[in-house]
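Let me begin by presenting the structure, written as structure tokens, before commenting on it.
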Amino acid sequence: MARLQFLCLSLLALCAVCWNPVQGVAVMSVDFGSEWMKIAIVSPGVPMEIVLNKESKRKTPVAIAFRNDERTIGEDAYTIGVKFPSNMYFYLLELLGKTLDNPLVQLYQKRFPYYKLVEDPERKTLLFEHDSETKFSPEELVAMILTKAKEYAESFAQQQITETVITVPAFFSQAERRAMLKAAELAGIKVLQLINSNTAAALDYGIFRRKDFNETAQNILFYDMGASSTVATVASYQVVKTKEKGYAEYHPQVSVIGLGYDRTLGGLEIQIRLRDFLGKAFNEMKKTKNDVFQNPRAMAKLFKEAGRVKNVLSANVDHYAQVENLIDEQDFRYQVTREQLENLCSDLFERVTVPIERALASAKLTLDEIGHIIIVGAGTRMPKVQEVLTAFTKRELGKNLNADEAAALGAVYRAADLSTGFQVKKFMTKDAVVLPIEVDFERELDAGEDNKKVVKIVRRTLFPAMNPYPQKKVLTFNKHHEDFTFYVNYGNMSSFPESEVAVIGSTNLTRVQLSGIAVGLAKHQDDGAEFKGIKAHFSIDDSGLLSLSTVESTFEKIHPVVEEQPEAANNTQGDGTNSTDSSNSTEKNSTSTKQEKKPKVEIIKEEISKTEFVLDLQDLTGASLTLAQKRINELNEKDRARKEKEIAQNNLETFILDIQDKLSQEEFQSLVTEEDRTKIFEKCSETSEWLYDDGSDVEAKEYQKKLQVLKDLTGEMFERHREHRDRPEVIAAFKNALNVSTHFLSKLRNATPDEKYLDDDDLDGLETLLEDNQSWLDKKMLAQKDTPLYEAPVLTLRAIADKMNTMDKEVKMLVNKAKNARTKRLKELAEKLKEFDKKANETTDETKQESAEKKDKDADNTKGDSETEQSANPLDDDHVEL
């Protein structure tokens, strides 16, 4: 729970996830493992969260079963698988993109011999033969499970989801990655990116520690032991400078710089060994003559029990394995110690540190240069695994990353980043090429003395091992003037174990045929252009998929500088001396101009037609793809119809039980007459008998019809119950509204003349309305008191609501009218105050003018007496005129 709160709070702060209401919809991630899948979403209001399945669990078994024309996925499929092992398919991840003769497929068949694996005649891949008419490809089965993941995510987010990021193992080849994308296509899901599960976990580790990183690289080793494989990753964290938006920005980045793995070292192999150990122990008990290893159901039971015991022994030194009715009605109980399990897997523990050694070697680092070692994956919970790792690394193992959910959360952060509807704080990722990729082609050499044609195979490395991606590269062919073919292959595999090379299978990826080279060459060379080679544009995208975008011939054409003719020298000046000097100056300027101007170089590109042929593994296409899509759609429709039927059946059954229970309660008995109660009971009994006798094989609409009949029969009873239940609360609200309105009227009646904003007619109208409402309520309450509960109520909730609504409108109208009157009166008062201020200002100005005139007069009186006498007559004259 603390982890959940931390995630929500941290992402709100870190991501600043902004939802665009026009484009923003939820996105999800699927951490698709061998044994389990974990689903995470980002949606408006939900920054990052793990999706719960229908059992309210945070992870779902990667299992699918078919039984009695029904398909089940997850926990339900496992339940079927114990009883009918060949009907349930699991551990499908290892089968994607494989041929039937692949060592991993052969190992799968050895572990689970009850499956019938056959070869696809077209693709040479494997198929599960379910029955004589049905065969499933791994892509098809994975697609069905992805569809269920989408369903869980949409149910959790309460909205449609179409975009996702899916995790895959870092060592997945090109064929395996394409197979996963094909499965997502069949599921109707848009894949934003395939992200390596180790990179997703490293991203999850980094996004909550972004403030800890700077421009100095910090190296951290992640050790992930899952169900089927183990991967060690050296991840380097640092802040890098980018110019994606045209200006410099600084963002944290995690780069995979070292990788080591073991495809078959994991919890599944330990569980298989424990299963076989328990099987031998049971046979030695001689409880039956039958060999438990020859009974698929018994082996499926032992496999399930081995998984449980294995998990318990991670925390306990011993535990009892117990299986009821293992075979021939014989129970099995056997004590297993942790020491016994460790002895069974001693050779496996010797392989635990090998991925770390390979990861450090590929990163060209030592353990001393690693800052922290973080363990993830369920397999690392085994004490022996941790003991081996601690002894090898000589340091404490970091356990501060959620071993089960780190990849799913890192992947969903990436999904939000790639989606158009969200905006997150940038955290860049750089993954690494695991399998090197090269190009080879034929080149003809000069004929020898015997004039025999000599052909040399030229190989050029395109993307070496541990090359970072996404990345683009251009390969130039300089000496091909005719149509030719080149091959794209996996490169030097000498550093890989032989077992891994065998699993990879075909090292040839594609054959590319180029045509039209000579035609383009002739066209441009005749035009004076020089041939500069053929450029092939390759790229590895974020999903680790190699692609060839374009191939083009390039030419260089030089356009010479056109010299301008100098103007004629002016000979009209004197004896010509100045003319000579002018001529010399012109030559110097002309020479200078010629040195400054350079010939124009034009680069010409001519696209070449290319045809690509897949050599490693044919994708699911054509009729096979159409058939798979049709089958998935049909199964989806059956699931929808079955779910609708189950819901309708459950609703009917629940309603019958609810009615029968309520009619036994005094509260509901008083709401119906004895005759109606008998009628309802009889209808419920009749429907219940039909439900359990004849109603098991009908469609959902039949249940819905039966339910509607019962609802119509009991509708009035439930309506009366609602009326009687809610009436006291509604009456109390009505009385409160009357009291408030009466208090409002009283305040208006007692207002002073200056505060009276409403006419008497308005107040009288409100008073009449309130008196009428009170009188109506009193009469209806008395009438309702005398009305039996099983009859239609006299005082209904609707009637009270209507009265309240009318009263509310009247009061609001008067309040608004009073506000308007008050506003008008205040406005008039403001105008009067404004006029008063204006007059007061005018008076002040006159007073200031008289004061100034008085000062002038006093100044004049300081002059001589003669002046005073002379000035008297004009004043008198002025006075007379005035």
| note | Quarter of the surface of the C-alpha convex hull for the range 628-718, i.e. direction-averaged projected area in nm², equals 6.4 nm²
| remark: Pairs over 25 Å Cα to Cα, from LYS57/LYS110; LYS54/LYS662; LYS472/LYS597; LYS557/LYS597, come to LYS57/LYS110; LYS54/LYS662; LYS472/LYS597
| Remind me, relative contact order of the range 241-314 in percent, using alpha carbon pairs under 8 angstrom and six or more residues apart? | 26 percent
| note | A correct Kirkwood calculation over the Cα atoms of the range 73-206 returns a hydrodynamic radius in Å of 16.2 Å
| note | At the level of C-alpha centres, the distance separating the range 488-525 and the range 365-380, in angstrom, is 36 Å
| said: Neighbour counts of other C-beta atoms within 10 Å: give me ASP542, ASP431, ASP694 arranged from fewest to most. | reply: ASP694, ASP542, ASP431
| query | Over the chain, how many percent of alpha carbon pairs lie in each 20 Å bin up to the one with the longest distance? | reply | 10, 27, 23, 17, 13, 6, 3, 0
| request: With runs of 4+ DSSP H residues as the only contributors, calculate the mean residue ellipticity of the chain at 222 nm using -39,500 (n - 2.57) per run, divided by the residue total and rounded to the nearest 500. | output: -16000 deg cm²/dmol
| request: Find how many whole Å separate the alpha carbon centroid of the range 226-251 from the alpha carbon centroid of the range 143-167. | output: 27 Å
| request: Would you mind computing, in nm to one decimal, how far apart the modelled labels at ARG351 and ARG677 are, each placed 7 Å from Cα along Cα→Cβ? | output: 7.3 nm
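Quick check of the Kirkwood formula: for the range 725-831, what is the inverse mean of 1/r over all pairs of different Cα atoms, in Å?
Evaluated over the range 725-831, this radius sits at 15.7 Å.
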| Any number yet on Rg/Rh for the range 397-505, C-alpha, Kirkwood? | 1.18
| note | By Cβ neighbour count within 10 Å, fewest first, LEU409, LEU833, LEU635 rank LEU833, LEU635, LEU409
| message | Across the range 268-349, what fraction of all alpha-carbon pairs, as a whole percent, falls in each successive 5 Å bin from zero upward? | response | 3, 16, 30, 25, 16, 8, 3, 0
| query | In what sequence do LYS384, LYS473, LYS706 fall when counting other Cβ within 10 Å, fewest first? | reply | LYS473, LYS384, LYS706
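Computed from the coordinates by the stated procedures, all read-outs in this text should not be read as laboratory data. Only a predicted model underlies this, so the values are computations on that prediction, with no experimental measurement involved. Cβ coordinates were reconstructed from backbone atoms using ideal geometry, including for glycine residues, and neighbour counts include every protein chain displayed.
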